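Okay, structure first, notes after.
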(Lines give C-alpha, C1' and ligand atoms only; values in the text may rest on other atoms or scores of the structure.)
Protein backbone atom coordinates (compact mmCIF):
# COMPACT_ATOMS: atom_id res chain seq x y z
CA UNK A 1 0.00 0.00 0.00
CA UNK A 2 1.38 3.40 -1.03
CA UNK A 3 1.48 6.76 0.69
CA UNK A 4 -1.39 9.25 1.01
CA UNK A 5 -1.67 12.95 1.78
CA UNK A 6 -2.49 12.15 5.42
CA UNK A 7 0.96 10.59 5.70
CA UNK A 8 2.45 14.03 5.00
CA UNK A 9 0.51 15.67 7.83
CA UNK A 10 1.38 12.76 10.13
CA UNK A 11 5.07 13.14 9.29
CA UNK A 12 5.05 16.71 10.63
CA UNK A 13 2.13 16.47 13.03
CA UNK A 14 3.51 18.96 15.58
CA UNK A 15 4.07 21.67 12.96
CA UNK A 16 0.75 20.91 11.27
CA UNK A 17 -1.21 21.34 14.51
CA UNK A 18 0.76 24.51 15.33
CA UNK A 19 -0.37 25.89 11.96
CA UNK A 20 -4.02 24.78 12.12
CA UNK A 21 -4.45 25.83 15.77
CA UNK A 22 -2.29 28.97 15.72
CA UNK A 23 -3.22 31.85 18.04
CA UNK A 24 -4.12 33.94 14.97
CA UNK A 25 -6.67 31.28 14.00
CA UNK A 26 -8.00 30.89 17.55
CA UNK A 27 -8.43 34.64 17.98
CA UNK A 28 -10.07 34.90 14.57
CA UNK A 29 -12.59 32.28 15.60
CA UNK A 30 -13.33 33.83 18.99
CA UNK A 31 -13.55 37.37 17.48
CA UNK A 32 -10.70 38.59 19.69
CA UNK A 33 -8.15 39.11 16.90
CA UNK A 34 -7.11 42.79 16.68
CA UNK A 35 -8.55 44.33 13.54
CA UNK A 36 -5.14 45.80 12.68
CA UNK A 37 -3.72 42.27 12.60
CA UNK A 38 -6.48 41.06 10.29
CA UNK A 39 -6.01 44.01 7.92
CA UNK A 40 -2.27 43.39 7.77
CA UNK A 41 -2.91 39.74 7.00
CA UNK A 42 -5.45 40.60 4.28
CA UNK A 43 -3.01 42.94 2.56
CA UNK A 44 -0.23 40.37 2.52
CA UNK A 45 -2.63 37.63 1.44
CA UNK A 46 -3.37 39.69 -1.68
CA UNK A 47 0.34 39.66 -2.55
CA UNK A 48 0.56 35.98 -1.67
CA UNK A 49 -2.29 35.09 -4.06
CA UNK A 50 -0.52 36.82 -6.94
CA UNK A 51 2.50 34.57 -6.41
CA UNK A 52 0.21 31.59 -5.90
CA UNK A 53 -1.17 32.26 -9.39
CA UNK A 54 2.40 32.38 -10.70
CA UNK A 55 3.00 28.99 -9.08
CA UNK A 56 0.06 27.55 -11.02
CA UNK A 57 1.55 29.01 -14.19
CA UNK A 58 4.75 27.17 -13.31
CA UNK A 59 2.67 24.03 -12.72
CA UNK A 60 1.34 24.39 -16.26
CA UNK A 61 4.91 24.52 -17.57
CA UNK A 62 5.84 21.48 -15.49
CA UNK A 63 2.76 19.47 -16.53
CA UNK A 64 3.63 16.22 -18.34
CA UNK A 65 0.05 15.47 -19.43
CA UNK A 66 -2.87 17.39 -20.87
CA UNK A 67 -4.93 16.59 -17.77
CA UNK A 68 -2.26 18.14 -15.54
CA UNK A 69 -2.06 21.16 -17.84
CA UNK A 70 -5.81 21.67 -17.63
CA UNK A 71 -5.72 21.39 -13.85
CA UNK A 72 -2.97 24.01 -13.62
CA UNK A 73 -4.88 26.31 -15.98
CA UNK A 74 -8.06 25.98 -13.91
CA UNK A 75 -6.15 26.68 -10.71
CA UNK A 76 -4.56 29.85 -12.05
CA UNK A 77 -7.85 30.96 -13.62
CA UNK A 78 -9.69 30.48 -10.31
CA UNK A 79 -7.17 32.69 -8.49
CA UNK A 80 -6.91 35.43 -11.12
CA UNK A 81 -10.55 35.58 -12.21
CA UNK A 82 -12.34 34.71 -8.95
CA UNK A 83 -10.34 34.56 -5.72
CA UNK A 84 -8.37 37.79 -6.18
CA UNK A 85 -11.56 39.63 -7.05
CA UNK A 86 -13.27 38.29 -3.94
CA UNK A 87 -10.30 39.27 -1.80
CA UNK A 88 -10.20 42.79 -3.24
CA UNK A 89 -13.90 43.17 -2.42
CA UNK A 90 -13.31 41.76 1.04
CA UNK A 91 -10.44 44.22 1.58
CA UNK A 92 -12.65 47.12 0.52
CA UNK A 93 -15.13 46.13 3.22
CA UNK A 94 -12.26 46.50 5.66
CA UNK A 95 -11.30 49.93 4.35
CA UNK A 96 -8.40 48.78 2.15
CA UNK A 97 -8.55 50.14 -1.41
CA UNK A 98 -7.30 48.32 -4.49
CA UNK A 99 -4.83 51.17 -5.06
CA UNK A 100 -3.40 50.57 -1.58
CA UNK A 101 -3.08 46.85 -2.31
CA UNK A 102 -1.20 47.50 -5.55
CA UNK A 103 1.32 49.75 -3.76
CA UNK A 104 2.05 47.33 -0.91
CA UNK A 105 5.58 46.18 -0.06
CA UNK A 106 5.94 42.49 0.69
CA UNK A 107 6.50 41.47 4.28
CA UNK A 108 9.47 39.20 4.89
CA UNK A 109 7.15 36.28 5.71
CA UNK A 110 5.38 36.75 2.37
CA UNK A 111 8.68 36.89 0.52
CA UNK A 112 10.02 33.79 2.28
CA UNK A 113 6.95 31.65 1.73
CA UNK A 114 6.12 32.56 -1.86
CA UNK A 115 9.71 32.36 -3.08
CA UNK A 116 10.14 29.02 -1.33
CA UNK A 117 7.16 27.62 -3.24
CA UNK A 118 8.38 28.99 -6.57
CA UNK A 119 11.95 27.86 -5.97
CA UNK A 120 10.76 24.37 -5.01
CA UNK A 121 8.72 24.19 -8.19
CA UNK A 122 11.60 25.42 -10.33
CA UNK A 123 14.08 22.94 -8.85
CA UNK A 124 11.76 19.98 -8.65
CA UNK A 125 8.95 18.36 -10.57
CA UNK A 126 5.18 18.87 -10.59
CA UNK A 127 4.68 16.75 -7.46
CA UNK A 128 7.25 18.81 -5.55
CA UNK A 129 5.34 21.96 -6.47
CA UNK A 130 1.94 20.55 -5.49
CA UNK A 131 3.31 19.42 -2.14
CA UNK A 132 4.77 22.88 -1.50
CA UNK A 133 1.36 24.42 -2.27
CA UNK A 134 -0.59 21.86 -0.24
CA UNK A 135 -0.38 23.44 3.23
CA UNK A 136 -2.25 26.50 1.99
CA UNK A 137 -5.10 24.74 0.20
CA UNK A 138 -5.58 21.94 2.71
CA UNK A 139 -4.73 24.05 5.72
CA UNK A 140 -7.34 26.73 5.13
CA UNK A 141 -10.03 24.15 4.51
CA UNK A 142 -9.08 22.22 7.64
CA UNK A 143 -8.86 25.43 9.67
CA UNK A 144 -12.43 26.37 8.75
CA UNK A 145 -13.64 22.91 9.75
CA UNK A 146 -11.58 22.97 12.96
CA UNK A 147 -12.97 26.37 13.94
CA UNK A 148 -16.51 25.13 13.45
CA UNK A 149 -15.78 22.29 15.88
CA UNK A 150 -14.62 24.66 18.66
CA UNK A 151 -17.09 25.86 21.29
CA UNK A 152 -15.17 29.15 21.49
CA UNK A 153 -15.85 30.00 17.83
CA UNK A 154 -18.42 32.71 17.25
CA UNK A 155 -20.37 32.85 14.01
CA UNK A 156 -22.62 35.34 12.25
CA UNK A 157 -22.91 38.96 13.36
CA UNK A 158 -21.08 38.15 16.61
CA UNK A 159 -17.83 37.76 14.67
CA UNK A 160 -16.45 40.41 12.28
CA UNK A 161 -14.30 37.68 10.70
CA UNK A 162 -17.23 35.35 9.97
CA UNK A 163 -17.06 35.91 6.20
CA UNK A 164 -13.47 34.63 6.18
CA UNK A 165 -14.52 31.38 7.86
CA UNK A 166 -17.49 31.07 5.52
CA UNK A 167 -15.25 31.43 2.47
CA UNK A 168 -13.15 28.40 3.37
CA UNK A 169 -15.94 26.21 4.72
CA UNK A 170 -17.91 26.81 1.52
CA UNK A 171 -18.71 24.05 -0.94
CA UNK A 172 -16.54 25.50 -3.72
CA UNK A 173 -13.35 25.63 -1.65
CA UNK A 174 -14.00 22.28 0.01
CA UNK A 175 -14.60 20.69 -3.40
CA UNK A 176 -11.32 22.11 -4.72
CA UNK A 177 -9.60 20.66 -1.67
CA UNK A 178 -11.06 17.22 -2.35
CA UNK A 179 -10.01 17.35 -6.01
CA UNK A 180 -6.44 18.18 -5.01
CA UNK A 181 -6.55 15.42 -2.41
CA UNK A 182 -7.44 12.87 -5.08
CA UNK A 183 -4.62 14.15 -7.33
CA UNK A 184 -2.02 13.96 -4.57
CA UNK A 185 -3.14 10.58 -3.24
CA UNK A 186 -2.90 9.07 -6.74
CA UNK A 187 0.69 10.24 -7.13
CA UNK A 188 1.88 9.63 -3.60
CA UNK A 189 0.72 6.02 -3.91
CA UNK A 190 3.63 5.35 -6.29
CA UNK A 191 6.54 7.07 -4.51
CA UNK A 192 9.37 5.24 -2.78
CA UNK A 193 10.19 5.73 0.93
CA UNK A 194 13.20 7.86 -0.03
CA UNK A 195 11.08 10.06 -2.27
CA UNK A 196 8.42 10.36 0.42
CA UNK A 197 11.03 11.63 2.89
CA UNK A 198 12.00 14.31 0.37
CA UNK A 199 8.36 15.33 -0.08
CA UNK A 200 7.80 15.33 3.68
CA UNK A 201 10.61 17.85 4.10
CA UNK A 202 9.03 20.12 1.48
CA UNK A 203 5.65 19.85 3.18
CA UNK A 204 7.14 20.50 6.61
CA UNK A 205 9.07 23.55 5.42
CA UNK A 206 6.00 25.01 3.72
CA UNK A 207 3.92 24.38 6.85
CA UNK A 208 6.46 26.23 8.98
CA UNK A 209 6.31 29.14 6.57
CA UNK A 210 2.52 29.14 6.94
CA UNK A 211 3.03 29.42 10.71
CA UNK A 212 5.29 32.42 10.10
CA UNK A 213 2.59 33.97 7.92
CA UNK A 214 0.07 33.78 10.79
CA UNK A 215 2.66 35.15 13.21
CA UNK A 216 3.33 38.04 10.84
CA UNK A 217 -0.33 39.02 11.04
CA UNK A 218 -0.58 38.51 14.78
CA UNK A 219 2.49 40.58 15.61
CA UNK A 220 2.13 43.10 12.76
CA UNK A 221 5.61 42.15 11.58
CA UNK A 222 6.96 44.45 8.84
CA UNK A 223 4.02 46.75 9.51
CA UNK A 224 4.27 50.50 9.94
CA UNK A 225 2.42 51.04 13.21
CA UNK A 226 2.20 54.77 12.48
CA UNK A 227 -0.38 54.12 9.73
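The values are calculated or read from the model by the stated rules, or taken from the named source; none is laboratory data. These numbers were taken from a predicted model, which means no experiment stands behind them. In this analysis, Cβ positions are derived from the backbone assuming ideal geometry, glycine residues included, and neighbour counts consider all displayed protein chains.
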Filtering the stretch 63-75 down to residues that are in a helix (DSSP H, G or I) and surrounded by fewer than 19 Cβ atoms within 10 Å (Cβ to Cβ) yields 66, 67, 68, 69, 70, 73, 74
- [ ] Kindly indicate whether residue 96 is under 21 Å from residue 47 (Cβ atoms), modelled with pLDDT under 95, touching a helix residue (DSSP H, G or I) at 6+ places or on another chain (Cβ under 8 Å) and assigned to a loop (DSSP other than H, G, I, E, B).
- [x] yes
